[in-house]
1. In nm, to one decimal, how far is the Ala145 label point from the Glu78 one, both placed 7 Å along Cα→Cβ?
2. Among Lys69, Lys42, rank each residue by its count of other Cβ atoms within 10 Å, from fewest to most, as a rough exposure measure.
3. Within a Cβ distance under 14 Å of Leu95, other residues only, what is the Lys/Arg minus Asp/Glu net charge?
4. Can you pull out the GluC sites (Glu not before Pro) in segment 1-88 whose DSSP state is coil and whose Cβ has at most 16 other Cβ atoms within 10 Å?
5. In degrees between 0 and 90, to the nearest 10, how far off the longest principal axis of the chain does helix 61-72 point, with axes built from Cα atoms?
6. Could you work out how far helix 75-85 tilts from the main Cα principal axis of the chain, as a 0 to 90 degree angle to the nearest 10?
7. Would you list Tyr120, Tyr8 from fewest to most Cβ contacts within 10 Å?
8. For segment 2-92, calculate the relative contact order in percent as a whole number, restricting contacts to Cα pairs under 8 Å that are 6 or more residues apart.
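Quick note: the coordinates plus some simple rules give every number you see, no bench work behind them. Values in this document were obtained by computation on a predicted structure and should not be read as measured data. Here Cβ is always computed from backbone atoms with ideal geometry, including for glycine, and neighbour counts include all displayed protein chains.
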Amino acid sequence: MIVSYNFYYARPDNAAIVLRQRILASDVRAQLGLPRGRTISKLEGGDDWPDVIWWLDFANMAAQDVDMKARAESLEFEAIRHGMRQLYRRFERPLYAPCSKHYSPPGNDTQQSMALYGVYCDASDRAAAGAALGRVQAVEFISGATNVPRMLCETGSAGLPQAMLESLRLVPARVEWSTWQTEDRG
């Protein structure tokens, strides 16, 4: 399994417009017979993080390639993509893979807000960061972007337990968190 993220860093005062454009893109995805994906918007924290995130789990890279091809062949989707480029100052499309075989994709629950943690560390410190996270549902960066967290984990609005955060502080890593609102559950 791979998890494809789109990170949208809005131009000043454009975060709400970027969010609307992303939801419109998900509407077009649905019209094309593709999954909507999940869209969240940042409420607070994570100053270096994007303003809007969209993501979708794929069985493998071939499935993601088929999805990208379908979008590229859609004139309507390409028009939305063109419009989006005018709204953001930076865009990243990192790919992640589950950190453990126990990973299960987030469900379409009714939770309106969540905490998202990013662990920035060198590849050599990945094992220690993974051990500190324990069995938290986390994904690890595999390709496609620069200056993005090596690991991401989503929690309920209560966040990670304090003991886990203390363990992460022992790893040479920077941990950033932010609070997000679910805008489109997919």
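1. Label at Ala145, label at Glu78, 2.6 nm between them.
2. Exposure proxy ranking, most exposed first: Lys69, Lys42.
3. Result for the local shell: -3.
4. Within segment 1-88, the qualifying GluC sites (Glu not before Pro) (loop, at most 16 other Cβ atoms within 10 Å) are Glu73.
5. That works out to roughly 30 degrees.
6. Rounded to the nearest ten degrees, it is 50.
7. Fewest-to-most Cβ neighbours within 10 Å comes out as Tyr120, Tyr8.
8. It rounds to 48 percent for segment 2-92.
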